[in-house]
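Worksheet for the structure shown next.
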Number of protein chains: 2
Amino acid sequence: HKRAKVQQVRFDNRGMSLEEEINESNQFYLAHDLAVIYKKPIPIQIVKVDYPRRSAAVIKEAYFRQASTTDYNGVYAGYYLDFEAKETKNKTSFPLKNFHQHQIEHLRHCLKQNGICFVIMRFVTLERLFVYPATPLIRAWDAQAKAGAKSIPLHTIEVEGFEVHYGLNPRIPYLTAVDQLIHYSESQKGVHYGKQ
Amino acid sequence: HKRAKVQQVRFDNRGMSLEEEINESNQFYLAHDLAVIYKKPIPIQIVKVDYPRRSAAVIKEAYFRQASTTDYNGVYAGYYLDFEAKETKNKTSFPLKNFHQHQIEHLRHCLKQNGICFVIMRFVTLERLFVYPATPLIRAWDAQAKAGAKSIPLHTIEVEGFEVHYGLNPRIPYLTAVDQLIHYSESQKGVHYGKQ
Ligand SMILES: [Mg+2]
Ligand SMILES: [Mg+2]
């Protein structure tokens, strides 16, 4: 019967993007007072705005700006969470080209402040999800600059990350994996995971 | 000589909005690895985008959306900070009409998660700044709904808040007041300030 339930969940998720699923999960967490996590709005440079009578202001000219941070942040049981959501169609590794320098630098800064920093990675084809900590991600990113690997092997992610299994509500119960990450961090005496 | 320095600082600040001053202070804190705090972008509903050849995408029609959170959030020494920046020309009290219901609800949710939540209040005419904790703010807001006062008296803010004095760099050294707020919170045994 478990199999049928999994199929059902997959069917329900069809067509939703990873971000939509995370946003919906965040709404669930907020409604149940479990965490307060939001996706940051896209930064926009507004150039021209019309103020028509009797109706809402209309932005007539604006440009996308480069974000300086990651997709999501917020608070969970006293912890600051900060993360990106990323997906790949690859089956054996997660390509580092999915990340931008500014995201890595932001995660590095947040780790220095003892934030809980990670990526929610989805392997689209495999239908597998992981909470992958920022510390090994940054290590791989820095190694890449010195002729290191251009991607993180799935088996490495299985070892260093925390798998998340799709649920009904929330669809992506990532706080369970975050609990494991926090527990692991705090068990590393002297080598606090949140610290570089 | 202290007087002259204060005058200098005031002169330098002339013309900058409270938000600009806070943004600049946040840049200082980030550059010195003291905190990672950003102003959230204004949420925009994008309706129409043009993609001209050889140049950047132009947003041709978009609308302002209601924000669901506060102005600023981020991480400081393992603490989640969440705050609004507000100013008044009043000299004797801070009017509650400066706040919106969604801001109060967001602060309430963040307090439940043990965030460090407050308002940076500026009394423009008095040139005085305070870090005022969310807990008494929410208490005043809720009282107002039951025919309570429509504003918070300055003398109450002096007692319950933490004054911030303008500096040169950062212009608004609000983390000093945040340290006091955290210290006060943690000294309140059993009545953790972060908890409602
Ligand atoms: Mg993303
Ligand atoms: Mg404001």
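The values are calculated or read from the model by the stated rules, or taken from the named source; none is laboratory data. None of these values were measured; they are calculated from a predicted model. Every residue, glycine as well, gets a Cβ built from its backbone with ideal geometry; the counts of neighbours run over all protein chains shown.
I'd like to check which strands (runs of 3 or more DSSP E) are fully inside the range A:31-126 and have at least 2 residues that are in contact with a Pro (Cβ under 8 Å, 6 or more places away or on another chain) and free of Cβ contacts under 8 Å to residues at least 60 places away in the same chain.
Result: A:58-64.
Filter the range B:45-74 down to the residues that are aliphatic (A, V, I, L, M) and under 20 Å from A:His102 (Cβ atoms), then identify the one that is surrounded by the most Cβ atoms within 10 Å (Cβ to Cβ).
Kept after step one, since they are aliphatic (A, V, I, L, M), are these residues of the range B:45-74: B:46-47, B:49, B:56-59, B:62, B:67.
Next, only the ones that are under 20 Å from A:His102 (Cβ atoms) stay: B:56-57.
Working: B:Ala56: 10, B:Ala57: 12.
Per the stated criteria, the residue is B:Ala57.
So which residues in the range B:151-177 are in contact (Cβ under 8 Å) with a residue 60 or more places away in the chain, aliphatic (A, V, I, L, M) and surrounded by fewer than 17 Cβ atoms within 10 Å (Cβ to Cβ), if there are any at all?
B:Leu168
Only one of (1) more than 14 Å from chain B (Cβ to nearest Cβ); (2) on the phi < 0 side of the Ramachandran plot fails for A:Ala147. Which number is that?
So the condition that A:Ala147 fails would be (2).
Report whether or not A:Arg171 is within 14 Å of another protein chain (Cβ to nearest Cβ), more than 16 Å from ligand 1 (Cβ to nearest atom) and either more than 30 Å from B:Asn114 (Cβ to Cβ) or not in a strand (DSSP E or B) (or both). Lay out the reasoning, then the answer.
Numbers: within 14 Å of another protein chain (Cβ to nearest Cβ): no; more than 16 Å from ligand 1 (Cβ to nearest atom): yes; either more than 30 Å from B:Asn114 (Cβ to Cβ) or not in a strand (DSSP E or B) (or both): yes.
When the stated conditions are applied, A:Arg171 does not pass them.
Report whether or not A:Ala77 is loosely packed, with under 13 Cβ neighbours inside 10 Å, of a type in the set (A, V, I, L, M) and away from ligand 1 (no atom under 14 Å from the Cβ). Talk me through it step by step, then tell me what you get.
Details: loosely packed, with under 13 Cβ neighbours inside 10 Å: no; of a type in the set (A, V, I, L, M): yes; away from ligand 1 (no atom under 14 Å from the Cβ): yes.
In short, no.
Just to check your reading of the model, which residue among B:Phe83, B:Phe64 is at pLDDT below 95, within 15 Å of ligand 2 (Cβ to nearest atom) and within 14 Å of chain A (Cβ to nearest Cβ)? I'd like the intermediate steps shown before the answer.
Details: B:Phe83 fails: at pLDDT below 95.
One residue alone meets the criteria, B:Phe64.
Does the range B:116-126 contain any residue that is out of contact with any helix residue (DSSP H, G or I) (no Cβ under 7 Å at 6 or more places or on another chain), away from chain A (no Cβ under 12 Å) and of a type in the set (Lys, Arg)?
Taking every residue of the range B:116-126 in turn, none turns out to be out of contact with any helix residue (DSSP H, G or I) (no Cβ under 7 Å at 6 or more places or on another chain), away from chain A (no Cβ under 12 Å) and of a type in the set (Lys, Arg).
Taking B:Thr70 and the conditions (1) under 24 Å from B:Ala85 (Cβ atoms); (2) facing chain A (nearest Cβ under 7 Å), which numbered condition does it fall short on, given that it satisfies the others?
(2)
Please determine whether any residue of the range B:140-150 is in a strand (DSSP E or B) and surrounded by fewer than 18 Cβ atoms within 10 Å (Cβ to Cβ).
Looking only at the range B:140-150, we keep the residues that are in a strand (DSSP E or B), and these are none.
No, the conditions are met nowhere in the range B:140-150.
Answer yes or no as to whether B:Lys91 is modelled with pLDDT of 95 or more, more than 19 Å from A:Tyr80 (Cβ to Cβ) and either crowded, with 23+ Cβ neighbours inside 10 Å or more than 16 Å from ligand 2 (Cβ to nearest atom) (or both).
Yes; evaluated as a whole, the condition is true for this residue.
Could you tell me which numbered condition A:Cys110 fails, if it satisfies all but one of (1) among the hydrophobic types (A, V, I, L, M, F, W, C); (2) more than 16 Å from ligand 1 (Cβ to nearest atom); (3) within 14 Å of another protein chain (Cβ to nearest Cβ)?
Of everything listed in (1) among the hydrophobic types (A, V, I, L, M, F, W, C); (2) more than 16 Å from ligand 1 (Cβ to nearest atom); (3) within 14 Å of another protein chain (Cβ to nearest Cβ), A:Cys110 misses just condition (2).
Give the range B:43-61 a look and list any residue that's of a type outside the set (Lys, Arg) and more than 7 Å from chain A (Cβ to nearest Cβ), or say none. Even if it seems obvious, please write down each step before you answer.
Just the residues of the range B:43-61 that are of a type outside the set (Lys, Arg), to begin with: B:43-47, B:49-52, B:55-59, B:61.
Passing the criteria: B:Gln45, B:Ile46, B:Val47, B:Val49, B:Asp50, B:Tyr51, B:Pro52, B:Ser55.
Can we say B:Phe11 is surrounded by 13 or more Cβ atoms within 10 Å (Cβ to Cβ) and at pLDDT below 95?
On the way: surrounded by 13 or more Cβ atoms within 10 Å (Cβ to Cβ): no; at pLDDT below 95: yes.
The answer is no for B:Phe11.
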